[in-house]
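First up is the structure itself, then whatever we jot down about it.
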Amino acid sequence: MGKTLTEKVIEKHLIKGTLERGSDIAIKIDQTLTQDATGTMAYLQFEAIGIDRVQTELSVSYVDHNTLQTDFKNPDDHRYLQSIAARYGIYFSRPGNGICHQLHLERFAQPGKTLLGSDSHTPTAGGVGMISIGAGGLDVAAAMAGEVFRLKMPKVIKVYLTGQLTDYVSAKDVILEVLRRIGVKGAVNKVLEYTGPGVKTLSVPERGTITNMGTETGATTSIFPSDDITRDFLEAQNRAVQWIELKPDEDAVYDETLEINLSELEPLVATPHSPGNIKTVKELEGLKVDQVCIGSCTNSTLRDLKIVGSILKDHTIAQNTVLTVSPGSRQVVDHMIHSGEMAHLVEAGARILENACGPCIGMGLAPKSDAISLRTFNRNFLGRSGTKSAQAYLVSPETAAISAIKGQLTDPRSLGKMPKIEMPKKFRVNDNMIIPPISEDEAKSIEIVRGPNIKPLPEFNPLPEKLKGEVLLKVEDDITTDHIMPAGAKILPLRSNIPEISKFVFNVIDESFPDRSLEKEGGFIVGGENYGQGSSREHAAIAPKYLGLKAVVVKTFARIHLANLVNFGIVPLTFSNKDDYAKIEQGDQIEIDLTTLGSGKVTLKNLSKNTDFTLTHSLSPVEIEVLKTGGKLPHIKQKHGQ
Ligand code: MIC
Ligand code: SF4
């Protein structure tokens, strides 16, 4: 029986398990990436593991999220990260160089390899045929220490592309179409594997847009074959030697199929507050737009900014609309300057921002009250822009650019025939902002620099056999990590300070949560479907744990958040009968007996309502052990005899 591309790459890296869907597997990780907002915690944990040098083929530390520097905290973290990179053999991409996923695709991503990144959009590298997975910082720290990465063998969805995109319809519309079809939980524990004749009509940066935002479907990762187009891209990046051909077998067997005819697609938009609320631009055309933001790891490639430049050329943006552009990397900017196309953006009135995440994560440029903000980003969760009353809509760069000129949501196809975008045969490769690792001997004398914002990791105790306490919060479906542990300019700088950041847990839903939780000495959260959707931020587990969270009981979990809960000793449980969700209220006193955890079932006693029901879980024996030890860090330390 033939194999899918996903199976082929996973099989090559398989350390434990089989390709049987849903079974527990362990894979070898070749490369890791971190960014600064999750990196500080990941490296504090790496230090705590006590390994002298990273064990991967390549590890890169990027600085792209916390670049606003409103005080000493961000730059202190940057110095810490730089010193850690030098000490442990890690490449360090300096602030200003660009967004981690864009840079990794340009400079490091390699077909057929595995990449684990402490950021949920790590699957961007699937654009060159890599198995690239987002995970919590601790899992990435463990991978840097040479540990395997454990996951459930995902199902593989074949996304069969036919046809060719028409003028002003672009890769963003492809992934918005996928989201329209399967929604924000349609691919949990699945891989989106792209095949079919339409694949060869898409460049690597376009593939990267699609694999990047595949994260919003809950997918473990997304992957494209590695073909001639991949080879040309790598060659243009001076990396031709890293190319290998990769494709699924002719008779590969997939678990599900999705067929998309690229020729039939039209410009789409994700409406507030979910990337899964899809409408056509036509349906909403005329919507007045206050802010337009172009950038993020989804849509800030050279291809994207070139097309934006061609649309803005000789125009001025509408009087009541603000346009921001945050390019993906210095390479992109360098090209735009040398080709003269940057002038089109500047002359049209765009506010050119740093090559960083910026407004995507609410790091500056928050929209005005009640604003309609059009963004080429991948997430429009409530409050993420920095303004809770704002409404964020996600669109392609084409739709964003024309709408900025018109001041209202506009179908870019109204522009008529699209000019041909000339991509360079060779990119302007300049790695002078990436500091390579130094020799092991030299590295030993490097001193780690710690600013006052970097607080030691909290220590957590082994799990008791019975958990007892109050339901501190009951929430609905699709609670995102931006609800649990918001980001933005005020909170992000606290990522290396758990006591401080924990004061903002559930801030957008219930500001009194942290105090209540501490006062009651912790307790439980009850939730609906897809709890923990979104980011890989392990702070959404560590900070609630610090406040005393014992277990989370929900209908279903998002993959990365579930793993993060286990890593920090919070028990993730699901209702065996989803109707039981109605039988438990915020404020109820409950008790969960964990002695039967190994059997796959535990009993929840609702002491306030005098009822009990069964909860289940998907935990592997290793995960149960990790939980019992009080989390992954003590578990790894135990293994290393510390
Ligand atoms: C995001 O897009 O939400 C982030 C910020 O990049 C996160 C990581 C983080 O919270 O630091 C992600 O996607 O994992
Ligand atoms: Fe940065 Fe936004 Fe991409 Fe997250 S989604 S890595 S915040 S650009």
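The values are calculated or read from the model by the stated rules, or taken from the named source; none is laboratory data. All values derive from a computational prediction rather than experimental measurement. Neighbour counts run over all protein chains shown; Cβ positions are idealised from the backbone, glycine included. Keep in mind that these areas ignore ligands, DNA and RNA; they rest on the heavy atoms of the full protein, side chains included. Shrake-Rupley method; radii C 1.70, N 1.55, O 1.52, S 1.80 Å.
Structure values in brief
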| quantity | calculated |
| --- | --- |
| Sequence ranges 411-424, 182-195, 263-276, ranked by mean other-Cβ count within 10 angstrom, highest first | 182-195, 263-276, 411-424 |
| Violating pairs (Cα-Cα greater than 19 angstrom) within the set 388/490; 152/468; 474/550; 12/152; 306/426; 3/185 | 152/468; 3/185 |
| Under 14 Å from the Cα of residue 73 - aspartates and glutamates, other chains or at least 8 residues apart | 36, 500 |
| Residues with amide H under 5 Å from that of residue 408, placed H, sequence gap 5 or more | 289 |
| Per-q log10 I(q)/I(0), the chain, q = 0.08 Å⁻¹ (Debye; single scatterer per alpha-carbon; no solvent) | -0.54 |
| For the range 350-464: rounded, prolate or oblate by the Cα gyration tensor [a/c cutoff 1.5] | oblate |
| Cα-Cα over 18 Å, subset of 158/555; 279/420; 8/113 | 158/555; 279/420 |
| Rough spin-label spacing in nm, given labels placed 7 Å along Cα→Cβ, for residue 638 and residue 417 | 7.0 |
| Label zone at residue 313, where the point sits 7 Å out along the Cα-to-Cβ direction: the range 383-425 residues whose backbone N lies under 12 Å | 418-422 |
| Amide H partners (placed H, <5 Å) of residue 324, local residues excluded | 292, 293, 294, 351 |
| Prolate/oblate/rounded label for the range 259-410 (Cα gyration tensor, a/c 1.5) | rounded |
| Fraction of accessible area attributable to carbon and sulfur, the chain (%, probe 1.4 Å) | 48 |
| Reachable aspartates and glutamates, given that their alpha-carbon falls under 14 Å from the alpha-carbon of residue 417 and they are not under 8 places away in the same chain | 167, 398 |
